[in-house]
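**Student:** Starting off with a structure, shown below.
Rule-based calculations on the coordinates, nothing more; no lab input. Because the structure is a prediction, the values reported are computed rather than measured. Every residue, glycine among them, receives a Cβ derived from its backbone with ideal geometry; neighbour counts consider all protein chains shown.
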Amino acid sequence: MIASTSHGADGSILELRLDRPPANALSPELLVALDDAVRTAPERGFRAIVLSGAEGMFSAGLDVPRFLELDRSEVQTAWESFFRLMATLAGSQIPLAAALTGHAPAGGCVLALCCDYRVFASGRYRIGLNEVQVGVRVPLPIFAAATHVVGRRQAERMATTAELFDDDEALRIGLVDAVVPIGDVVPTALEWAERMIALPPATLRKTRALCRRELMRSFRAVDEEQLELFLDEWFGDECQTALRTLVAKLAAKGV
């Protein structure tokens, strides 16, 4: 589900490539595996991480068909894993770049928002938070991550319109930091990582923690009561109908 490659003169840059065809959809198992890979990278000697995907598709977001198979307790565990992964990415001791090698809607966009730097493939690819379109309310940590990156007004636009942005608009609003041809996405992310590991590591770690302090508070703010309310919405008629309609459309397209 995840392919790992080391880069750099001393091998201290870890590329984690999502490898779950056809769309790198985030299954409960993939969420746990990615969390473990990111969390343990520093103790394995890595000083920076590049998170990439397949050419044309970074990640399509949550594996909705798989999530619809789960009962309430299993869905709760899966969402807890998703929030834990967000916190692991955002709170990583080492810098992370998202090499957006293609489309990055919904959960794919969320992963990118939790990284320090985002490189997006130019052309026909799209990125954004389209959860509301499929009946899923954007939870607090996701809105906080979007606000951290693009500011509150653009985060509200992302959360409420379900708009998926092309490369020009994503760059204009600050959702991505660079737009390059698809073949240059990973190399550009690696170049950024090389610049980051050249900085004093302890100073960088402390400064990044300061910059992300408010974002990290949003993860701690999701208590059991809030999660139960979210699960009530997830299993409500509106959300379930929208999700099952989405799955039917994907099946009709052979996805």
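**Student:** Among ASP177, ASP237, ASP116, what is the fewest-to-most ranking by other Cβ atoms within 10 Å?
**Tutor:** Fewest-to-most Cβ neighbours within 10 Å comes out as ASP237, ASP177, ASP116.
**Student:** Counting other beta carbons within 10 Å of each Cβ, put LYS206, LYS253 in order, fewest first.
**Tutor:** By the 10 Å Cβ count, ascending, the order reads LYS253, LYS206.
**Student:** Could you point to the residue in CYS109, PRO21, PHE143 farthest towards the positive end of region 2-201's charge dipole, with +1 and -1 charges on the Cβ of Lys/Arg and Asp/Glu respectively?
**Tutor:** Positive-most Cα among the choices belongs to PHE143.
**Student:** Hey, can you grab everything whose amide H is under 5 Å from the amide H of VAL179? Only 5+ residues off in sequence or another chain; H modelled, so Pro and N-termini drop out.
**Tutor:** PHE120
**Student:** Please turn the phi angles of region 188-200 into ³J(HN,Hα) values with the Karplus equation 6.51 cos²θ - 1.76 cosθ + 1.60 (θ = phi - 60°), one per residue in order, whole Hz, x for glycine and proline.
**Tutor:** Whole-Hz 3J(HN,Hα) from phi for region 188-200: 5, 5, 5, 4, 4, 4, 4, 5, 5, 6, 7, 7, x.
**Student:** Show me, for region 201-208, the HN-Hα J-couplings you get by feeding each phi into the Karplus relation (A = 6.51, B = -1.76, C = 1.60, θ = phi - 60°), rounded to Hz, glycine and proline as x.
**Tutor:** Couplings: x, 5, 5, 4, 4, 5, 5, 4 Hz.
**Student:** Tell me the GluC sites (Glu not before Pro) within region 31-111 that lie in a loop according to DSSP and have at most 10 other beta-carbon atoms within 10 Å.
**Tutor:** Answer in residue order: GLU69.
**Student:** Only Lys, Arg, Asp and Glu count, each charged at its Cβ (+1, +1, -1, -1), so figure out the dipole size of the chain about its Cα centre, rounded to 20 debye.
**Tutor:** Dipole about the Cα centre, nearest 20: 660 debye.
**Student:** Which Cα, out of MET86, ALA3, ALA178, lies furthest along the positive dipole direction of the chain (beta carbon charges, K/R +1, D/E -1)?
**Tutor:** It is ALA178, whose Cα lies furthest towards the positive end.
**Student:** Continuing with the same structure: Mind listing the long-range amide H neighbours of LEU62? Cut-off is under 5 Å, sequence gap 5 or more, other chains count too, H placed in the peptide plane at 1.01 Å from N.
**Tutor:** Excluding prolines and chain starts, which carry no amide H, the hits are LEU26, GLY107, GLY108.
**Student:** For ARG157, ARG152, which order do you get if you count the other beta carbons within 10 Å of each Cβ and list the fewest first?
**Tutor:** In increasing order of surrounding Cβ atoms, one gets ARG152, ARG157.
**Student:** HN-Hα J couplings of region 12-26 from phi, Karplus 6.51/-1.76/1.60, θ = phi - 60°, integer Hz, Gly and Pro as x?
**Tutor:** For region 12-26, the Karplus-derived couplings read 8, 9, 9, 9, 10, 9, 4, 9, 9, x, x, 10, 6, 5, 8 Hz, x marking Gly and Pro.
**Student:** Given the -39500 (n - 2.57) contribution per DSSP H run of 4+ residues, what per-residue ellipticity at 222 nm results for the chain, rounded to the nearest 500 deg cm²/dmol?
**Tutor:** The helix contribution divided over the chain gives -15000 deg cm²/dmol.
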